[in-house]
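Below you'll find the structure, written out as structure tokens, and then a few comments.
The values are calculated or read from the model by the stated rules, or taken from the named source; none is laboratory data. The model shown is predicted, which means the values in this text are computed figures rather than measured ones. Note that we place each Cβ from the backbone using ideal geometry, even for glycine, and neighbour counts take in every protein chain shown. Side chains are part of the model used for accessible areas, which takes the heavy atoms of the whole protein and leaves out ligands, DNA and RNA. Shrake-Rupley method; radii C 1.70, N 1.55, O 1.52, S 1.80 Å.
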Amino acid sequence: MSTTLIKNARIASSNDNHEFVQLDATDILVVNGKIQAIGNDLVCETAVRVDAHEQWCLPGFIDCHTHLVYGGNRAQEFSLRLKGVSYETISKQGGGIKSTVRATRALNEATLLSQTLRRAKRLAEEGVTTVEIKSGYGLDKDTELRMLDVALKVGELTNLNIQRTFLGAHALPPDSEVSAEEYIDFVCQTMIPYVAEHQLADAVDVFCEKVGFNLAQTERVFMAAKQSNLKVKGHVEQLSDSKGAALAAKYNALSVDHIEYLAEEDIPLLADSGTVAVLLPGAFYYLKETQLPPIDALRKYNVPIAISTDMNPGTSPIASLLTCANMACVLFGLTTAEALTGITAHAALALGLKNKGQIKTGYDADMCLWDIESPESLVYEINGYRPTAKWIGGKRVL
Ligand code: DI6
Ligand code: FE
């Protein structure tokens with residue numbers, strides 16, 4: 001693979017203290033997909049030389065929680081909700097996740113792939129280089145596996161790094177008599193071992209909520225994941241304090257996501273287990289939630305905070321990570337620096353990716369150049385900018 005030398009950049013990244021700062025260097029040498037050196041006056045005769053002309057160079061953004069693969073849309077449900085019908089009511093009446101499951105099951109792989117690619121490209125256009133994609137709109141073996149395969153193909157066709165998460169425990173399958181316990185048996189005994197054996201996912205997720213699965217069912221899924229050596233994450237405390245975060249911490253979860261209703265007493269558990277708090281302000285916005293996540297307490301206990309789109313057809317149809325970073329500032333009170341760390345270094349931690357999310361020697365060369373006044377411009381202005389150059393694993397893709 002080629003060697004690249006980027007000259008004259010203003011480089012900004014989170015540092016090891018989790019602060020998003022400008023580095024005291026202008027040049028980056030990339031060899032074999034990795035950042036080999038960061039410094040001033042770097043020289044390499046054999047490298048492809050790129051003059052950044054003082055543009056900013058930032059780590060590629062990481063969208064660490066998406067449901068990018070799905071069929072259909074939920075525009076009608078959106079209209080119902082605008083008339084005051086709640087998400088829970090729609091879900092109980094067979095809409096919500098179940099309607100997307102029916103639409104997803106009905107699509108063949110090629111159609112599912114082309115619809116997913118459209119959304120992946122939207123994310124990528126804004127400087128995203130890594131995307132986590134969950135299954136969970138199949139809820140039967142064939143469709144769950146098809147979703148995971150589509151996610152893999154998105155990576156092959158776009159250059160994006162894709163992390164896959166098995167979310168079989170997203171909802172009870174529609175049009176089936178199966179009980180929640182029986183369905184969890186299937187998830188734990190059939191699906192998780194299969195997914196692990198064939199390396200179809202990097203982690204396992206559960207929707208722990210009144211409209212999802214209860215704490216005991218969630219724990220069964222976490223135990224099965226652990227037995228199969230898969231990391232866990234959880235959709236927890238989105239609509240109520242169900243104690244999913246504390247349980248996730250017990251299983252050393254990579255992340256707990258949503259967490260508007262997270263109780264302060266559970267936050268030290270997250271700090272101890274190294275679990276990342278993932279904010280999903282798009283879902284908060286679309287559901288017109290008013291309960292704010294406990295940002296000050298997360299800061300107090302130094303729990304890393306990440307931000308993601310939660311891109312999904314029901315509660316967060318928003319394929320723009322930078323818009324979600326803006327929302328995390330405006331709606332949740334994050335600083336712009338916290339937001340930038342939240343879509344880079346902390347998002348990498350939420351996926352267990354040790355070599356991504358920072359511009360740092362030895363890290364993967366996933367980065368973009370931006371023609372902006374300062375990095376905070378990206379969070380300040382909605383739909384304001386696109387990168388002018390982009391590398392993923394050292395390969396120039398823009
Ligand atoms: N929480 C969410 O935000 C998405 N899934 C979940 O467990 C919503 C999924 C949907 O409504 O389709
Ligand atoms: Fe989600």
Requested in this report: Work out the charge dipole of segment 61-350 with +1 on the Cβ of Lys and Arg and -1 on the Cβ of Asp and Glu about the Cα centre, then indicate which of Y137, S308, L82 is farthest towards its positive end.
Outcome: L82
Query raised in the report: Can you give the net charge of the other residues whose Cβ lies under 9 Å from the Cβ of P293, counting K and R as +1 and D and E as -1?
Result: -2
Requested in this report: Check each of the GluC sites (Glu not before Pro) in segment 177-211 and keep only those in coil by DSSP with at most 15 other C-beta atoms within 10 angstrom; list them in order.
Outcome: E177
Query raised in the report: Give or take rounding to whole Å, what are the principal axis extents of the alpha carbon atoms in segment 97-247, in descending order?
Result: 40, 32, 32
**Report entry** Dipole in debye (nearest 20) - segment 120-245, about Cα centre, beta carbon charges: Lys, Arg +1; Asp, Glu -1
**Finding:** 360
Requested in this report: List every residue whose amide H lies under 5 Å from the amide H of V204, counting only residues 5 or more places away in sequence or on a different chain, with H placed 1.01 Å from N in the peptide plane.
Outcome: F166, K231, V232, K233
Query - Student exercise, the chain dipole from Lys, Arg, Asp, Glu Cβ charges, in Debye to nearest 20 - result: 820
Report task. Let me have the 222 nm mean residue ellipticity of the chain computed from DSSP H runs of 4+ only, each contributing -39500 (n - 2.57), with the sum over all residues rounded to the nearest 500. Result -> -9500 deg cm²/dmol
**Report entry** Dipole magnitude of segment 187-228, debye to nearest 20 (Cβ charges: Lys/Arg +1, Asp/Glu -1, about Cα centre)
**Finding:** 140
Query - Unit charges at the beta carbon, dipole of the chain: most positive-side option, G282, H198, W56 - result: H198
Report summary line: HN-Hα couplings for segment 14-19 via Karplus (6.51, -1.76, 1.60; θ = phi - 60°), in whole Hz with x for Gly/Pro, come out as 5, 9, 6, 8, 6, 9
Report summary line: With all protein chains present, segment 265-398 has a carbon and sulfur share of its accessible area (1.4 Å probe) in percent of 50
Query raised in the report: For the chain, which span is the longest to avoid every loop-located (per DSSP) member of trypsin sites (Lys or Arg not before Pro) having at most 10 other Cβ atoms inside 10 Å?
Result: 84-287
Query raised in the report: Taking a probe of 1.4 Å, how large is the accessible area per residue of the chain, in Å²?
Result: 40
Report summary line: the chain, Gaussian network, Cα under 10 Å: of A249, A365, A52, the residue fluctuating most is A52
Query - Gain in span if fully extended, A37 to E181, counting 0.36 nm per residue against the direct Cα distance - result: 46.5 nm
**Report entry** If the convex hull is drawn through the Cα atoms of segment 61-350, its volume per residue in Å³
**Finding:** 110
